[in-house]
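Notes follow the structure.
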Amino acid sequence: MESFRQMALHDPLRLVLPACLLLATLAAGYVLKRLLFRALERWGRKTSNQVDVVLARSIGGPIMIWSLMLGIYFATETLDLPDRSTRLIEHTLLILTILSLTIMASRLAGNLIRHYGSRVPGATPVTTLTQNLAQLFIVLVGVLILLRHFGVSITPILTAFGVGGLAVALALQDTLSNLFAGFYVSVAGQVRLGDYIKLNTGEEGYVTDISWRSTTIRALANNMIIIPNAKLAQAIVTNYNLPERRMALIIPISVSYDSDPDRIERVLLEEAGSAAGKVTGLLAEPAPMVRFIPGFGDSAMNFSLICQVAEFVDQFLVQHELRKRIWTRFRAERIEMPYPTRTVYMRQGEG
């Protein structure tokens, strides 16, 4: 710094060329960034993948940082600085280069996992936890490279971590419990992003994310429910998307004892069959079924119409439409759906 101060006081013209080189390098980096982004945008229009988006998000910031560091290097090369100052600047630039490359590689790994991880058959579901683990691995590699550059041995560091590991584990017991539980939930594949789940404690909704601490589900009312991973791993979970999204829907139907059971079965099958393909979510295969279950009630014969829906949330619209169709058909066929009744026999006592 003293060399720069003396130069600025006694010979300021010597700083003009380095300053021009610095500005020119920054301008060249900006132009290169714009040209590269335009080329990626044109490439993205011709392809269905999102490589352009991944690269743009990963290298957009580092390009200008690299341009700045390159400009500083060119500027210092034109100055007659002491060897100590030159070495200090070179070491600083090298450290910044390693850090910027590490950050860029970390962001690139996270973006690649986010956009392409779910397309790999049999791969672990893409969650915030898996992205963070991949980025953490890249950062650790960068730190090790930086330590090796300075000649720092990592063996004492690992020893210190081993000694202090117990104290850290005790202090962060809940945090580590959630971390490993989230990792287990992600790897096991029993709860995946997009699945509709219900816990034994009553919470239910679509799984939107699994992070290092908690799992987020979105309820049908569009509210977010945050569940600690340790609680999720210990809960009894019903996954309505496994082993497949298709699920059975059972609609109870009650009719008068004056009705013919065979006729009721035929009418219900006709209405369910005609609605398949017209009502969103109602499947034609497997074919609908009618069962005389639960059977004889106090004031009505109870049937069950069993049909298949594409996924869990489709059951609400399907029930709505089928009940309207069945009610309309029953009125046209003069099939009675009785009110609950009870016959009371009163016996007069003697005397």
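The values are calculated or read from the model by the stated rules, or taken from the named source; none is laboratory data. No experiment lies behind these values; they were computed from the predicted model shown. Every residue, glycine among them, receives a Cβ derived from its backbone with ideal geometry; neighbour counts consider all protein chains shown. Just so you know, the surface numbers come from the protein's heavy atoms only, side chains and all, with ligands and any DNA or RNA stripped out. Shrake-Rupley method; radii C 1.70, N 1.55, O 1.52, S 1.80 Å.
Could you tell me how many of the residues in segment 307-329 are among the acidic types (D, E) and crowded, with 20+ Cβ neighbours inside 10 Å? Please lay out each step first, then the result.
First, pick out the residues of segment 307-329 that are among the acidic types (D, E): 311, 314, 321.
Narrowing the set further to residues that are crowded, with 20+ Cβ neighbours inside 10 Å leaves 314.
Matching residues across segment 307-329 total 1.
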Subject >> Close pairs (9 angstrom Cβ cut-off, 6 or more residues apart or separate chains): farther than 23 Å from P261 by Cα and β-branched (V, I, T) in segment 303-321, open to solvent by 40 Å² or more (accessible area, probe 1.4 Å) and part of a helix (DSSP H, G or I) anywhere >> reply: V309/L317
Subject >> Flag if M289 is open to solvent by 60 Å² or more (accessible area, probe 1.4 Å) and touching a residue at least 24 places away in the same chain (Cβ under 8 Å) >> reply: no
Original post:
Does segment 330-349 contain any residue that is without any contact (Cβ under 8 Å) to a residue 24 or more places away in the chain, in a loop (DSSP other than H, G, I, E, B), among the polar types (S, T, N, Q) and exposed (fewer than 11 other Cβ atoms within 10 Å of the Cβ)?
Top reply: yes
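Kindly establish whether A300 is in contact with a strand residue (DSSP E or B) (Cβ under 6 Å, 6 or more places away or on another chain), hydrophobic (A, V, I, L, M, F, W, C) and either exposed (fewer than 15 other Cβ atoms within 10 Å of the Cβ) or on the phi > 0 side of the Ramachandran plot (or both).
Numbers: in contact with a strand residue (DSSP E or B) (Cβ under 6 Å, 6 or more places away or on another chain): yes; hydrophobic (A, V, I, L, M, F, W, C): yes; either exposed (fewer than 15 other Cβ atoms within 10 Å of the Cβ) or on the phi > 0 side of the Ramachandran plot (or both): no.
No, not satisfied.
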**OP:** Could you grab me the full set of residues in segment 270-286 that are of a type in the set (V, I, T) and open to solvent by 30 Å² or more (accessible area, probe 1.4 Å)?
**Re:** T280
Subject >> Criterion (open to solvent by 80 Å² or more (accessible area, probe 1.4 Å), in a helix (DSSP H, G or I), closer than 17 Å to L68 by Cα and modelled with pLDDT of 70 or more) met by exactly one of R42, R34, R38 >> reply: R34
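Look through segment 187-246, keep the residues that are hydroxyl-bearing (S, T, Y) and closer than 25 Å to Q308 by Cα, and return whichever of them is nearest to the chain's Cα centre (by Cα). Steps first, please.
Taking segment 187-246 and keeping what is hydroxyl-bearing (S, T, Y), we get 196, 201, 206, 208, 211, 214-216, 238, 240.
Those still in the list that are closer than 25 Å to Q308 by Cα too: 196, 206, 238, 240.
Working: Y196: 13, Y206: 10, T238: 19, Y240: 18 Å.
Among those residues, the one meeting the criterion is Y206.
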Original post:
Across segment 157-186, what is the number of residues that are out of contact with any helix residue (DSSP H, G or I) (no Cβ under 9 Å at 6 or more places or on another chain) and modelled with pLDDT of 70 or more?
Top reply: 1
Subject >> Residue within segment 280-295 that is out of contact with any Gly (no Cβ under 8 Å at 6 or more places or on another chain), on the phi > 0 side of the Ramachandran plot and assigned to a strand (DSSP E or B) present >> reply: yes
